[in-house]
Amino acid sequence: MRVIGLMSGTSCDAIDAAAADLAIEDGTVVLTPLGSLDHPFPEDLRRELLAALPPAATTMADVCRLDTLLGQALAAAAGRADHDLCGGRAELVVSHGQTLYHWTEGGRVLGTLQLGQPAWIAERTGCTVVSDLRPRDVAAGGQGAPLVSALDVMWLRGRPGVPVALNLGGIANITVAAGGRGPLAYDTGPANVLLDTAVRELTGGRADRDADGALAAAGTVHAPLLERLLAEPYYTLPPPRTTGRELFNAAYLRTALDGFGHLPAEDVLATLTELTARTVADAVRGAGGTEVVASGGGTRNPALMAALGRALGGVPVRTSDELGLPSDAKEAYAFALLGFLTVLGLPGTVPFCTGARRSVVLGSVTPGRHRPPPAPGAPGAAVPDRLRVA
């Protein structure tokens, strides 16, 4: 089946679209990448989206507008991907949408909200669309994240030692694919979200990211600030745990910096980079990880990757590209996989990883105009437990 996966993450900069041929052979999902593309948000939409994110107040009118405008942007990305990557022959689109809020209390997730009306995608492409994948896992008692763990566990199963998949998006998350306790996945803490926020705050909005980690590389870690940041109670919560902009946002950063006077922007960014490296390394060591397979936008930040290498000591770090999955598009491929399982009537979660009571079929299905979804598999059909990248 030719499937397009769409992912818009915490960084809110663009939509990642990835296309793949997916099939099941003898209990193994065979994923053949067809390519990926980056579809930037229109600048006015990005400004409106950032203005609506926590801790900002918003209105139902804002929510309605964003649901429509994000749906149209996702539809444009899907249309490009269908034309450029699938020759107009895509059979299914899977859309993560844009997370506006992840409702957590006392370590439990009570609800999650992703916007991006799928009807616009179905109308633009004619394809069936699977969307709104996280709430079903939450309803089953899970965190609704990291859903990429399903791909990670299937993909890295059988590798020697204890492989750890790491995603460095707005938030950093890991999946421990093996080990004595079984699979495990959770958000370790902030990655690009605080770095990007700091750049916007410290430059008065003139820039929105530290290109190539150049500012962080020129700075020095401020030990008292790092100590304050590491005292965040989130890091002591037992996994599985998830987080996002509802915690790590501009207000959080301002509070963390309060009382330190003027700190050079380079030192603030060096300290935030070290925070991500330390919290990831602590998680990897705590799981007994023997290798790290990294993906996400953070892999393009040399300062972050260098800090991570230092913090991990002798644990080797490689990118997912080395194992056949492009690091920039791995999450989009993961959602393509999850939607593929959904239309076959197969569950797409690993309860050990999300904390759910059981594995569940994810998402809602919007039928296509001229490409109906395939018939689901027979009840009780075997769930594939491995993934091979062709």
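The values are calculated or read from the model by the stated rules, or taken from the named source; none is laboratory data. Values in this document were obtained by computation on a predicted structure and should not be read as measured data. Virtual Cβ from ideal backbone geometry, glycine too; neighbours counted across all protein chains shown. Protein only, heavy atoms only, side chains kept; ligands, DNA and RNA dropped before computing areas. Shrake-Rupley method; radii C 1.70, N 1.55, O 1.52, S 1.80 Å.
So Asp44 clears everything in (1) in contact (Cβ under 8 Å) with a residue 12 or more places away in the chain; (2) part of a helix (DSSP H, G or I); (3) open to solvent by 10 Å² or more (accessible area, probe 1.4 Å) except one condition, right? Which one?
All conditions pass for Asp44, except number (1).
When you look at Phe352, is it open to solvent by 20 Å² or more (accessible area, probe 1.4 Å), part of a helix (DSSP H, G or I) and closer than 23 Å to Pro240 by Cα, yes or no?
Numbers: open to solvent by 20 Å² or more (accessible area, probe 1.4 Å): yes; part of a helix (DSSP H, G or I): yes; closer than 23 Å to Pro240 by Cα: yes.
Answer is yes for this residue.
Being surrounded by fewer than 20 Cβ atoms within 10 Å (Cβ to Cβ) and outside any strand (DSSP E or B): is that true of Ala334 here? Talk me through it step by step, then tell me what you get.
Working: surrounded by fewer than 20 Cβ atoms within 10 Å (Cβ to Cβ): no; outside any strand (DSSP E or B): yes.
No: the conditions fail for Ala334.
When you scan the stretch 24-32, do you find a residue that is touching a Cys at 6+ places or on another chain (Cβ under 9 Å) and either of a type outside the set (Lys, Arg) or modelled with pLDDT of 95 or more (or both), even just one? Lay out the reasoning, then the answer.
The initial filter retains those residues of the stretch 24-32 that are touching a Cys at 6+ places or on another chain (Cβ under 9 Å), namely none.
No; the residues of the stretch 24-32 include none that is touching a Cys at 6+ places or on another chain (Cβ under 9 Å) and either of a type outside the set (Lys, Arg) or modelled with pLDDT of 95 or more (or both).
Condition (residue is modelled with pLDDT under 95, more than 24 Å from Leu338 (Cβ to Cβ) and touching an Asp or Glu at 6+ places or on another chain (Cβ under 6 Å)) applied to the stretch 103-112: is it met by at least one residue?
The answer is no, given that none of the residues of the stretch 103-112 is modelled with pLDDT under 95, more than 24 Å from Leu338 (Cβ to Cβ) and touching an Asp or Glu at 6+ places or on another chain (Cβ under 6 Å).
What are the residues in the stretch 40-71 that are more than 15 Å from Thr99 (Cβ to Cβ) and touching a strand residue (DSSP E or B) at 6+ places or on another chain (Cβ under 6 Å), if any?
Across the stretch 40-71, the qualifying residue is only Pro40.
Which is touching a Lys or Arg at 6+ places or on another chain (Cβ under 7 Å) and either in a loop (DSSP other than H, G, I, E, B) or open to solvent by 20 Å² or more (accessible area, probe 1.4 Å) (or both), of Ala78, Ala145?
Values: Ala78 fails: either in a loop (DSSP other than H, G, I, E, B) or open to solvent by 20 Å² or more (accessible area, probe 1.4 Å) (or both).
Residue meeting the stated conditions: Ala145.
Going through the stretch 183-213 one residue at a time, which ones are surrounded by fewer than 17 Cβ atoms within 10 Å (Cβ to Cβ), under 17 Å from Asn301 (Cβ atoms) and acidic (Asp, Glu)?
Correct list: Asp208, Asp212.
Which residues, counting only those in the stretch 120-142, are over 17 Å from Asp82 (Cβ atoms) and either open to solvent by less than 10 Å² (accessible area, probe 1.4 Å) or part of a loop (DSSP other than H, G, I, E, B) (or both)?
Kept after step one, since they are over 17 Å from Asp82 (Cβ atoms), are these residues of the stretch 120-142: 132-142.
Once the filter is applied, which keeps residues that are over 17 Å from Asp82 (Cβ atoms) and either open to solvent by less than 10 Å² (accessible area, probe 1.4 Å) or part of a loop (DSSP other than H, G, I, E, B) (or both), the stretch 120-142 yields Asp132, Leu133, Asp137, Ala140, Gly141, Gly142.
Of the residues Ala150, Ala177, which is free of Cβ contacts under 8 Å to residues at least 40 places away in the same chain and buried (at least 24 other Cβ atoms within 10 Å of the Cβ)? So that I can check it myself, show each step before the final result.
Values: Ala150 fails: free of Cβ contacts under 8 Å to residues at least 40 places away in the same chain.
When all the criteria are applied, what remains is Ala177.
Here is a yes/no grid of residues against (1) at pLDDT 95 or above; (2) surrounded by 17 or more Cβ atoms within 10 Å (Cβ to Cβ); (3) among the aliphatic types (A, V, I, L, M):
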position: Thr220; (1), (2), (3): yes, no, no
position: Glu232; (1), (2), (3): yes, yes, no
position: Leu237; (1), (2), (3): no, no, yes
position: Arg241; (1), (2), (3): no, yes, no
position: Ala250; (1), (2), (3): no, yes, yes
position: Ala265; (1), (2), (3): yes, yes, yes
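Does at least one position in the stretch 268-282 carry a residue that is outside any loop (DSSP other than H, G, I, E, B) and farther than 16 Å from Leu304 by Cβ?
Residues of the stretch 268-282 that are outside any loop (DSSP other than H, G, I, E, B), as a first pass: 268-282.
Then keep just the ones that are farther than 16 Å from Leu304 by Cβ; that gives none.
No: the stretch 268-282 contains no residue that is outside any loop (DSSP other than H, G, I, E, B) and farther than 16 Å from Leu304 by Cβ.
Of the residues that make up the stretch 84-92, is at least one open to solvent by 70 Å² or more (accessible area, probe 1.4 Å) and free of Cβ contacts under 8 Å to residues at least 60 places away in the same chain? Full working, then the answer.
We begin by selecting, within the stretch 84-92, every residue open to solvent by 70 Å² or more (accessible area, probe 1.4 Å); these are 84, 89, 91.
Next, from what is left, pick out any that are free of Cβ contacts under 8 Å to residues at least 60 places away in the same chain: 84.
Yes, the stretch 84-92 contains a residue that is open to solvent by 70 Å² or more (accessible area, probe 1.4 Å) and free of Cβ contacts under 8 Å to residues at least 60 places away in the same chain.
Any idea which of Met7, Met60 is closer than 29 Å to Arg245 by Cα and open to solvent by 50 Å² or more (accessible area, probe 1.4 Å)? Full working, then the answer.
Numbers: Met7 fails: open to solvent by 50 Å² or more (accessible area, probe 1.4 Å).
None of the other options fit; the residue is Met60.
Residues in the stretch 298-325 that are in contact with a helix residue (DSSP H, G or I) (Cβ under 7 Å, 6 or more places away or on another chain), within 26 Å of Gln98 (Cβ to Cβ) and open to solvent by 30 Å² or more (accessible area, probe 1.4 Å): how many?
Total meeting the criteria: 1.
Would you confirm whether or not the stretch 105-119 contains a residue that is farther than 30 Å from Tyr235 by Cβ, in a helix (DSSP H, G or I) and of a type outside the set (A, V, I, L, M, F, W, C)? Walk me through how you get there before you give the answer.
Taking the stretch 105-119 first, the residues farther than 30 Å from Tyr235 by Cβ are 116-119.
Of the ones still in play, those that are also in a helix (DSSP H, G or I) are 118-119.
Going one step further and asking which of them are of a type outside the set (A, V, I, L, M, F, W, C), we end up with 118.
Yes: the stretch 105-119 contains one or more residues that are farther than 30 Å from Tyr235 by Cβ, in a helix (DSSP H, G or I) and of a type outside the set (A, V, I, L, M, F, W, C).
Among the numbered criteria (1) open to solvent by less than 60 Å² (accessible area, probe 1.4 Å); (2) closer than 21 Å to Gly169 by Cβ; (3) in a loop (DSSP other than H, G, I, E, B); (4) not aliphatic (A, V, I, L, M), which single criterion is violated by Asp328?
Failing condition for Asp328: (1).
Can you tell me how many residues in the stretch 10-41 are open to solvent by less than 10 Å² (accessible area, probe 1.4 Å) and in contact with a helix residue (DSSP H, G or I) (Cβ under 6 Å, 6 or more places away or on another chain)?
7
Quick one: is Phe260 touching a residue at least 24 places away in the same chain (Cβ under 8 Å) and either surrounded by 17 or more Cβ atoms within 10 Å (Cβ to Cβ) or under 22 Å from the mean Cα position of the chain (by Cα) (or both)? Give the steps one after another, and end with the answer.
Numbers: touching a residue at least 24 places away in the same chain (Cβ under 8 Å): yes; either surrounded by 17 or more Cβ atoms within 10 Å (Cβ to Cβ) or under 22 Å from the mean Cα position of the chain (by Cα) (or both): no.
The answer is no for Phe260.
Against the definition (modelled with pLDDT of 95 or more and surrounded by 17 or more Cβ atoms within 10 Å (Cβ to Cβ)), how does Ala216 come out, yes or no? Lay out the reasoning, then the answer.
Details: modelled with pLDDT of 95 or more: yes; surrounded by 17 or more Cβ atoms within 10 Å (Cβ to Cβ): yes.
The answer is yes for Ala216.
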